[in-house]
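Input: a single structure, listed below in structure tokens.
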Amino acid sequence: MMQNAVQSSPEIPVPPYVATLNPEQRAAVETIDGAVLVLAGAGTGKTRVLTTRIAHILSSRRAYPGQILAVTFTNKAAREMGERVEKLLHGEQYVEQPQQRSSLNWLGTFHSIAAKILRRHAEVMGFTSSFTILDADDQLRLIKTLLSEKNIDDKQNPAKLILSIIQSWKDQGLIPEKISAADAGHGTGGNALLIYKAYQERLKILNAMDFGDLLLHNLTLFTAHPHIHSEIAQRFKYILVDEYQDTNVAQYLWLRLLAAGHHNICCVGDDDQSIYGWRGAEIGNILRFEKDFPGAAVVRLERNYRSTGHILATASGLIANNSSRLGKTLWTEGEDGSKVRVRSLWDGDEEARFVGEEVEVLQRDGSSLAHMAILVRAGFQTRGFEERFLTLGIGYRVIGGLRFYERQEVRDAVAYLRVIAQPNDDLAFERIINTPRRGIGTATLEQIHTTARSRGIAMTSATRLLLDGGAFKGKLATSLSSLLASFERWREQAGREPIGELTDRMLEESGYRAMWQQDKSPDAQGRLENLKELVRAMGEFESLIAFLEHVGLVTDMAENTSGDMISLMTLHAAKGLEFNHVFLPGWEEGLFPHQRSMDEKGREGLEEERRLAYVGITRAKKTLTISYAGSRRIYNQWQNNIPSRFVSELPKDHIEMMNEQGPGLRDQGLGGRRPFAIAMSSTPIAAAEASVKTVPQGGRVFHVKFGYGAILRSHGDTLEIAFEKAGIKKVKASFIEFSK
């Protein structure tokens, strides 16, 4: 519904730029007074609505620039918004000038606006206006100091875990006194709350705040000092909020307090693109907007200016399966375009080959690599595509992260392998000598360095020399002796077993994998997945030397890549971006939707995963290709996969669903493996579903990875099969051959 539409006054004509908006956009701009929620679907022009709305408020003289509060999440978005407002007000010939931008001095991020308010009222909060804002490293060091002062075991209570709990409380707007007894435990036996109290006290002594404090102290300021709250709230006649679906509880409470008097708040967001629950975003903020502001106008922007009809219909059909949403359906006046292609493939390697071929086809047709993207659910998935592109000579960039072999955990593991292969590799040995921690400090390392230089020997030899001479005692000696013995053992095993198995054992026996398993930081699970992928990748090489040569070449080629490049990134990093051609690989149950998300959050987790899929689909402008692999190799063992449930939720009228032998794959790309009997180039997967009905229980089948077996039962197009050697597996019918 739309309420309170502005009636244009003859004395104040509507600016020309308003006339170029579509009806829904114009309603969002002209519905000025009262609360307004703009549900802006992907590619519907939300930024244009926000900036035009600000310009319209100013040009219609409803408020001065200093009476408008506009908040967003990034400095980049704030800068772009400010520049677009000025161009609307002053014409396209506008060139940014500091004195012109100063008129919109309450346009910025949540944290920058909150900091500005605090600097004006710091004294009443017990700080001075020159307070410093700590970065992540400073916060972590302070937490470690406090753990030491309180004699709390930092192995049982890692500083990263304590800090993440504290930040979670701050995101919820909770000061230490508001933490419930149930929340205080939080897996740390009350230590997190103890450190939280000490942390806040120490910050005040240091005249410092962290980013979470900026909003938290604003909330305290507003509630403890009503006259200051009233003064600040009355300053802003109009409040505008970008990406409202990504706000956390503290941001939500802050906005409600500022809008409490006049309710002139306009929030622009998309409940279908709320994908940051893991970092505190609360989708309930946008879902209950009408309850928070009774009588609020709700304007839906559904006309998409980015994607083709089939892509939009696919996205709308998928997201309709979510129950926690306000509801809208994207549409376009543009062409339907080609249908969304869904491809089933033999395995992850074949998936990378397929995508590589498709990218080459697009290139031959004149498409720029810069207009293509591969969006993955988990960071480890990029490795296969990176290596394939390096083989094909296709330039690529990893957005929002490091290339696979540049990631810390991968570099650490490779350093271990370098020492196994070459004991004289001092750079590698120095990198891992105390990773994981072995009690080796700076003094010990310098002693080893000095001995190595004076004797002209490697650090490993110098370490052995010092141990034999009794230079090291107690736990330090035991630790170093054990490390050198391990390297000798791994070196001896390197010639007798596959290097993937060797690497797996090395990660276990060195304690390196356990280090990340015990790490409670949000990225620890991703690092463990990358280590699994590294072990999997090593199965492709005959020897450790061959693998290390490959890593060196990959790193060198990656550093020299320049010019036109395809983008690789996670789905989370892709939000807000758009590309002509998008590939969405790895749509397999457990990977996408990710099993951990469903285990931890149940239905809420599943729905957020589905929103993530929606975001991925709506990044595509012209073509979209979704793929899934029938099997992937994990620790040199083949793991059977079931296609993601999201595949079955895609609307059939808008997708082209073909199996591995469909267009775009060459027979020779199968690497000599036996092709599927039912996988003919003109046969969609639907044929396999029909075949299931004709095969009785006990029917004999063949699978390229698992061999021969007998059908136990069927569930739609999924078969439960007892294989002669691999045991019982659930397999899609499209991945087996029916014996006659």
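The values are calculated or read from the model by the stated rules, or taken from the named source; none is laboratory data. This one's a predicted model, so the numbers in the text were calculated from it and none came from an experiment. Heads up, the Cβs are rebuilt from the backbone with ideal geometry, glycines too, and the neighbour counts pull from every protein chain shown. The protein model used for the area step is the full one, side chains on, heavy atoms only, and it has no ligands, DNA or RNA in it. Shrake-Rupley method; radii C 1.70, N 1.55, O 1.52, S 1.80 Å.
Quick check, is I319 under 18 Å from A42 (Cβ atoms) and touching a Cys at 6+ places or on another chain (Cβ under 8 Å)?
no
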Inspect all residues belonging to the range 428-446 and state whether any of them is surrounded by fewer than 16 Cβ atoms within 10 Å (Cβ to Cβ), farther than 27 Å from K160 by Cβ and out of contact with any Cys (no Cβ under 9 Å at 6 or more places or on another chain).
yes
Limited to the range 506-551, what total is found for residues that are more than 21 Å from the chain's Cα centre (by Cα), of a type in the set (A, V, I, L, M) and under 27 Å from I166 (Cα atoms)?
2
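Give, as residue ranges, the helices (runs of 4 or more DSSP H) completely inside the range 180-265 that count at least 3 residues that are farther than 30 Å from H56 by Cα.
Values: elements: 181-185, 191-205, 211-224, 226-235, 249-258.
The helices (runs of 4 or more DSSP H) meeting that bar are 181-185, 191-205, 211-224.
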Taking D210 and the conditions (1) of a type in the set (D, E, K, R); (2) open to solvent by less than 30 Å² (accessible area, probe 1.4 Å); (3) free of Cβ contacts under 8 Å to residues at least 40 places away in the same chain, which numbered condition does it fall short on, given that it satisfies the others?
(3)
Taking the range 616-626 as the region of interest, how many residues are under 23 Å from the mean Cα position of the chain (by Cα) and surrounded by fewer than 24 Cβ atoms within 10 Å (Cβ to Cβ)?
3
It is to be established whether one or more residues within the range 263-276 are touching a residue at least 24 places away in the same chain (Cβ under 8 Å), of a type outside the set (S, T, N, Q), open to solvent by 30 Å² or more (accessible area, probe 1.4 Å) and out of contact with any helix residue (DSSP H, G or I) (no Cβ under 8 Å at 6 or more places or on another chain).
yes
Given the structure, is L402 of a type outside the set (G, A, S) and either without any contact (Cβ under 8 Å) to a residue 12 or more places away in the chain or more than 24 Å from L612 (Cβ to Cβ) (or both)?
yes
Report yes if some residue within the range 358-367 is among the β-branched types (V, I, T), surrounded by fewer than 21 Cβ atoms within 10 Å (Cβ to Cβ) and assigned to a helix (DSSP H, G or I); otherwise report no.
yes
Pull up the range 76-110, narrow it to residues that are assigned to a loop (DSSP other than H, G, I, E, B) and aromatic (F, W, Y), then point me to the one that is modelled with the lowest pLDDT.
Y94
Scan of the range 538-556 for residues that are at pLDDT 80 or above, under 15 Å from L390 (Cα atoms) and of a type in the set (A, V, I, L, M), ordered by number
V551
The range 148-167, residues that are farther than 21 Å from D135 by Cα and not in a loop (DSSP other than H, G, I, E, B)
E149
Given the criteria of a type outside the set (F, W, Y), at pLDDT 90 or above and touching a Gly at 6+ places or on another chain (Cβ under 6 Å), does L577 qualify?
no
Contacts under 6 angstrom Cβ, first residue in the range 589-611 being in contact (Cβ under 8 Å) with a residue 12 or more places away in the chain and hydroxyl-bearing (S, T, Y), partner surrounded by 20 or more Cβ atoms within 10 Å (Cβ to Cβ) and part of a helix (DSSP H, G or I), 6 or more apart
S597/E609
Within the range 277-287, residues on the phi < 0 side of the Ramachandran plot and either at pLDDT below 90 or assigned to a helix (DSSP H, G or I) (or both) come out as G277, W278, R279, A281, G284, N285, I286, L287
Under 6 Å by Cβ, and 6 or more places apart or on different chains, what pairs join a residue from the range 508-522 that is at negative phi with one that is aliphatic (A, V, I, L, M) and open to solvent by 20 Å² or more (accessible area, probe 1.4 Å)?
W516/L528; K520/L161
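Among the residues of the range 431-438, is there at least one that is in a helix (DSSP H, G or I) and modelled with pLDDT of 90 or more?
The answer is yes; a qualifying residue exists.
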Among the candidates N659, N636, single out the residue that is in contact with a Gly (Cβ under 6 Å, 6 or more places away or on another chain) and modelled with pLDDT of 55 or more.
N636
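For the range 23-47: of the residues being among the hydrophobic types (A, V, I, L, M, F, W, C) and part of a helix (DSSP H, G or I), which is surrounded by the most Cβ atoms within 10 Å (Cβ to Cβ)? Steps first, please.
Looking only at the range 23-47, we keep the residues that are among the hydrophobic types (A, V, I, L, M, F, W, C), and these are 27-29, 32, 35-40, 42.
Narrowing the set further to residues that are part of a helix (DSSP H, G or I) leaves 27-29.
On the way: A27: 21, A28: 30, V29: 28.
Only one residue fits best here, namely A28.
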Go through the range 639-660 and give me each residue that's without any contact (Cβ under 8 Å) to a residue 60 or more places away in the chain and under 23 Å from the mean Cα position of the chain (by Cα).
N641, S644, R645
Look at E549 and say whether it is touching a residue at least 24 places away in the same chain (Cβ under 8 Å) and charged (D, E, K, R).
no
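Answer yes or no: is there a residue in the range 349-360 that is closer than 29 Å to I394 by Cβ and out of contact with any helix residue (DSSP H, G or I) (no Cβ under 8 Å at 6 or more places or on another chain).
yes
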Scan the range 48-65 and report the pairs whose first residue is at pLDDT 90 or above and surrounded by 20 or more Cβ atoms within 10 Å (Cβ to Cβ) and whose second residue is aliphatic (A, V, I, L, M) and part of a loop (DSSP other than H, G, I, E, B), with Cβ atoms within less than 7 Å and a gap of 6+ or a chain change.
T52/L21; I57/I32; I57/A63
